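Novice: Structure provided below as structure tokens; questions to follow.
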Amino acid sequence: MSEKTDIKSMNLAEVTAFVANMGEKPFRAKQLYQWMHQKLSASFDEMTNLSNALREKLKETCSYTLLKQVDVQISAQDGTRKYLFLLEDGNVIESVLMRYKHGNSVCISSQVGCRMGCRFCASTLDGLVRGLRPSEMLEQIYRIEKDIGERVSNVVVMGTGEPLDNYDNLLKFIELLTDENGLHISQRNLTVSTCGIVPKIRELAEEKLQMTLALSLHASSQEKRKELMPVANKYDLQEVLEACRFYFEKTGRRITFEYSLVAGVNDTNADALELTKLIADMNCHVNLIPVNPIKERNFVQPDNTAVLAFKNKLEKNGINVTIRREMGRDIDGACGQLRKRYMER
């Protein structure tokens, strides 16, 4: 049996060529594309303005990516919803909906599992299974929109996986997500998080997209970063920061630095000063994240006083900084926890 075409991962030009190949008129492609990416249809059968014959042909030649919701946890505190979705191959992934005054934000996964091995993260405990296809990345947003009956305005690629380790699929996903014939989410409302794969950051900079790049920094020195993040063995901290400067130069978009505070590990006065020295010359923003404890590691969250003291030190030195509001703390908010539990069952 020949491999079926993943039609939901194609842009409009590709869908148009595909449909023309079947002897159909170009406007059919546009209808099909809208069913998939605007009306968020669950199957070819729902596409009522396409002929039966065309729908049958599509079923024969194409796979239709549709995620199945297996679980959702809803926070009583702030309405955050954590979804567990089943993929066609039996793997499961997580996505999170966060409700803010400025709109609905969805955090999606880019891979099943992750090979980066960051020590405070539950997503990486079982290694990488595979990268997600563009359709599977989009579907997380589509199913959440369908579930809540509201529009999603912001997307963060910061769930399970290292997006730049799934680079081509990520770029295609961004193209489809921001396409005016689809959900048409602005590039400026998109954030992609990376633990610092230098060549890919530079490649991404050359694309000159208007999205925000968030770097998982988590340490103020190369030595400490190596303890927390194995990727630091491959790319030196200075190299990573150079790549971030290059990204800003090419795109004009300020960099966000994600910094998970771990009590007694990277939250001292010395760390704050060292961090200031590292990034003082950059157009950037620091997002402090009190670490989410996971049972496989003995990392402890600093108390509020320590978090605030760290923030104040950075601010006094002219660094833009926020403490990430903890969403969904009463549910398994940290990346990878819900999936891990499901797999253990």
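Novice: Pick from region 174-210 the residues that are outside any strand (DSSP E or B) and in contact (Cβ under 8 Å) with a residue 60 or more places away in the chain: which of them is surrounded by the fewest Cβ atoms within 10 Å (Cβ to Cβ)? Spell out how you get there, then give the answer.
Specialist: Step one: filter region 174-210 for residues outside any strand (DSSP E or B), giving 174-189, 195-210.
This time we only want the ones that are in contact (Cβ under 8 Å) with a residue 60 or more places away in the chain, so: 175-176, 179, 181-183, 195.
Values: 175: 13, 176: 23, 179: 15, 181: 15, 182: 20, 183: 20, 195: 27.
Across region 174-210, the extreme among qualifying residues is 175.
Every residue, every condition in (1) touching a Ser or Thr at 6+ places or on another chain (Cβ under 9 Å); (2) crowded, with 21+ Cβ neighbours inside 10 Å, yes or no:
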residue	(1), (2)
216	yes, yes
222	no, no
235	no, no
262	no, yes
265	no, no
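Novice: Hey, another quick one. Would you mind telling me which numbered condition in (1) of a type in the set (S, T, N, Q); (2) under 27 Å from residue 94 (Cα atoms); (3) at pLDDT 95 or above residue 283 fails?
Specialist: Every condition holds for residue 283 apart from (2).
Novice: Against the definition (surrounded by fewer than 14 Cβ atoms within 10 Å (Cβ to Cβ) and in the same structural domain as residue 265 (by TED's automatic domain parsing)), how does residue 78 come out, yes or no? Steps first, answer last, please.
Specialist: Values: surrounded by fewer than 14 Cβ atoms within 10 Å (Cβ to Cβ): no; in the same structural domain as residue 265 (by TED's automatic domain parsing): yes.
No, not satisfied.
Novice: Is there a residue being aliphatic (A, V, I, L, M), within 19 Å of residue 227 (Cβ to Cβ) and surrounded by fewer than 18 Cβ atoms within 10 Å (Cβ to Cβ) anywhere in region 307-317? Outline the logic, then answer.
Specialist: As a first pass, look at region 307-317 and keep what is aliphatic (A, V, I, L, M): 307-309, 314.
Those still in the list that are within 19 Å of residue 227 (Cβ to Cβ) too: none.
For region 307-317, residues aliphatic (A, V, I, L, M), within 19 Å of residue 227 (Cβ to Cβ) and surrounded by fewer than 18 Cβ atoms within 10 Å (Cβ to Cβ): absent.
Novice: Also: Hey, among the residues in region 46-75 that are among the charged types (D, E, K, R) and surrounded by 14 or more Cβ atoms within 10 Å (Cβ to Cβ), which one's nearest to residue 23 (Cα to Cα)?
Specialist: Step one: of region 46-75, the residues among the charged types (D, E, K, R) are 46, 55-57, 59-60, 68, 71.
Narrowing further to those that are surrounded by 14 or more Cβ atoms within 10 Å (Cβ to Cβ): 55, 57, 59, 71.
Numbers: 55: 13, 57: 11, 59: 16, 71: 42 Å.
Ranking the qualifying residues of region 46-75, first place goes to 57.
Novice: I've got another one for you. Can residue 220 be described as touching a strand residue (DSSP E or B) at 6+ places or on another chain (Cβ under 6 Å) and in the same structural domain as residue 122 (by TED's automatic domain parsing)? It would help to see each step written out before you state the result.
Specialist: Details: touching a strand residue (DSSP E or B) at 6+ places or on another chain (Cβ under 6 Å): no; in the same structural domain as residue 122 (by TED's automatic domain parsing): yes.
So residue 220 does not fit the description; no.
Novice: Among residues belonging to region 26-38 that are in contact with a helix residue (DSSP H, G or I) (Cβ under 8 Å, 6 or more places away or on another chain) and of a type outside the set (Phe, Trp, Tyr), point out the one that is surrounded by the fewest Cβ atoms within 10 Å (Cβ to Cβ). Outline the logic, then answer.
Specialist: The first filter runs over region 26-38 and keeps only residues in contact with a helix residue (DSSP H, G or I) (Cβ under 8 Å, 6 or more places away or on another chain), leaving 26, 28-30, 32-33, 35-37.
From what is left, the residues that are of a type outside the set (Phe, Trp, Tyr) are 26, 28-30, 32, 36-37.
Working: 26: 12, 28: 19, 29: 21, 30: 15, 32: 27, 36: 25, 37: 23.
For region 26-38, the residue satisfying everything is 26.
Novice: Being among the aliphatic types (A, V, I, L, M) and either within 13 Å of residue 66 (Cβ to Cβ) or part of a loop (DSSP other than H, G, I, E, B) (or both) is the filter here, so list the residues in region 1-48 that pass it. Don't jump to the end; show me each part of the working.
Specialist: Just the residues of region 1-48 that are among the aliphatic types (A, V, I, L, M), to begin with: 1, 7, 10, 12-13, 15, 17, 19-20, 22, 29, 32, 36, 40, 42, 47.
Correct list: 1, 7, 10, 22, 36, 40, 42, 47.
Novice: Right, here's the next one. Residue under question is residue 275, and the condition is that it be more than 26 Å from residue 155 (Cβ to Cβ), surrounded by 21 or more Cβ atoms within 10 Å (Cβ to Cβ), more than 20 Å from the chain's Cα centre (by Cα) and aliphatic (A, V, I, L, M); does it hold? Even if it seems obvious, please write down each step before you answer.
Specialist: Working: more than 26 Å from residue 155 (Cβ to Cβ): yes; surrounded by 21 or more Cβ atoms within 10 Å (Cβ to Cβ): yes; more than 20 Å from the chain's Cα centre (by Cα): yes; aliphatic (A, V, I, L, M): yes.
Yes.
So that you can scan it fast, the table gives a plain yes or no per residue for (1) touching a Cys at 6+ places or on another chain (Cβ under 6 Å); (2) polar (S, T, N, Q); (3) within 15 Å of residue 150 (Cβ to Cβ):
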site: 64; (1), (2), (3): no, no, no
site: 67; (1), (2), (3): no, no, no
site: 73; (1), (2), (3): no, yes, no
site: 78; (1), (2), (3): no, no, no
site: 83; (1), (2), (3): no, no, yes
site: 86; (1), (2), (3): no, no, no
site: 90; (1), (2), (3): no, no, no
site: 101; (1), (2), (3): no, no, yes
site: 106; (1), (2), (3): no, no, yes
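Novice: Specify the residue that is farthest from residue 189 (Cα to Cα); the eligible residues are those in region 102-132 that are assigned to a loop (DSSP other than H, G, I, E, B) and under 13 Å from the mean Cα position of the chain (by Cα).
Specialist: If we filter region 102-132 for residues that are assigned to a loop (DSSP other than H, G, I, E, B), which is where we start, we get 102, 109-110, 114-121, 125-127, 132.
When the remaining residues are screened for being under 13 Å from the mean Cα position of the chain (by Cα), the result is 109-110, 114, 132.
Details: 109: 17, 110: 17, 114: 25, 132: 21 Å.
Filtering first and then ranking leaves 114.
Novice: Output yes when any residue across region 107-127 is under 22 Å from residue 182 (Cα atoms), of a type in the set (Ser, Thr, Tyr), outside the structural domain of residue 12 (by TED's automatic domain parsing) and touching a Lys or Arg at 6+ places or on another chain (Cβ under 8 Å), and no when none is.
Specialist: First, pick out the residues of region 107-127 that are under 22 Å from residue 182 (Cα atoms): 107-110.
Now narrow it down to the ones that are of a type in the set (Ser, Thr, Tyr): 109-110.
Among the residues that remain, those that are also outside the structural domain of residue 12 (by TED's automatic domain parsing) are: 109-110.
Next cut, touching a Lys or Arg at 6+ places or on another chain (Cβ under 8 Å) only: none.
No, there is no match, as no residue in region 107-127 is under 22 Å from residue 182 (Cα atoms), of a type in the set (Ser, Thr, Tyr), outside the structural domain of residue 12 (by TED's automatic domain parsing) and touching a Lys or Arg at 6+ places or on another chain (Cβ under 8 Å).
Novice: I would also like to ask the following. Kindly establish whether residue 55 is among the basic types (Lys, Arg) and over 20 Å from the mean Cα position of the chain (by Cα). If you could, list the steps in order and put the result at the bottom.
Specialist: Details: among the basic types (Lys, Arg): yes; over 20 Å from the mean Cα position of the chain (by Cα): yes.
Yes: the conditions hold for residue 55.
The values are calculated or read from the model by the stated rules, or taken from the named source; none is laboratory data. Note that the coordinates shown come from a computational prediction; the quantities given were computed from them, not determined experimentally. Because the Cβ atoms are built from the backbone with ideal geometry, glycine has one as well, and the counts that use them run over all protein chains shown.
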